[in-house]
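See below for the structure under consideration.
Read-outs throughout are calculated quantities, based only on the coordinates presented, and are distinct from any laboratory measurement. The structure displayed is predicted, hence computed values, not measured ones. Here the Cβ positions follow ideal geometry from the backbone for every residue, glycine too, while neighbour counts run over all protein chains shown.
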Amino acid sequence: MARKAVFASSNWPQTVLNIAAGHPPGTVTVDAPAGVGAGWTYDGSSFSAPAQAGPRIWTPLQFQARLVTADEWGGVIAGARASDALFNWMMQFVAAQEINLDDPRTIAGLGALVTAGLLTSARKDRILSGLPPE
């Protein structure tokens, strides 16, 4: 299947929300060349890489949509079903007004995901840098 860049709408320019193999319902998709990922910009004809590391503070929805893949988030949900500690972290995440990448709770929670085998240490570091998945 082709790699698809997922967007909220076709009012260009738009930021890539995620990369998918198909067409998620309620979204706009465009064929994405190798290397394009969440956080890239599409102007209707070409993609541009993010210029620098992303913001340090996100809403939970922004964090989920821009910093983790759908498979990673699915792993978090599955892990939360199997672990009280991960469930508690996920509930705090969902209830938070903002996710601060410098907050010790964010860092500890991502560390717990690494310990549970749901993220690699490299992915944790990339998320904490505010960069989207590659």
Grab the Cα-Cα distance for Ser10 and Arg105, subtract it from 0.36 nm times how many residues apart they are, and report the gain in nm with one decimal. 30.6 nm
Take the alpha carbon gyration tensor of region 57-128, find the square roots of its eigenvalues, order them as a ≥ b ≥ c, and report rounded if a/c is under 1.5; if not, report prolate when a/b exceeds b/c, else oblate. rounded
MRE, 222 nm, helices only [DSSP H, n ≥ 4, -39500 (n - 2.57), over the chain, to nearest 500]: -12000 deg cm²/dmol
What is the mean projected area of the alpha carbon convex hull for region 4-48, to one decimal in square nanometres? 2.6 nm²
Mind ordering 109-117, 5-13 by average Cβ neighbours within 10 Å, highest first? 109-117, 5-13
Express the C-alpha Rg of region 1-87 as a ratio against the empirical globular expectation 2.2 N^0.38 Å, rounded to two decimals. 1.19
For the chain, modelled as a GNM with alpha-carbon contacts under 10 angstrom, which of Ala20, Ala78, Ala95 fluctuates the most? Ala95
Quick check on the exposure proxy: order Ile77, Ile127 from fewest to most C-beta atoms within 10 angstrom. Ile77, Ile127
When the chain is modelled as a GNM with alpha-carbon springs shorter than 10 Å, which of Ala34, Ala96, Ala85 fluctuates the most? Ala34
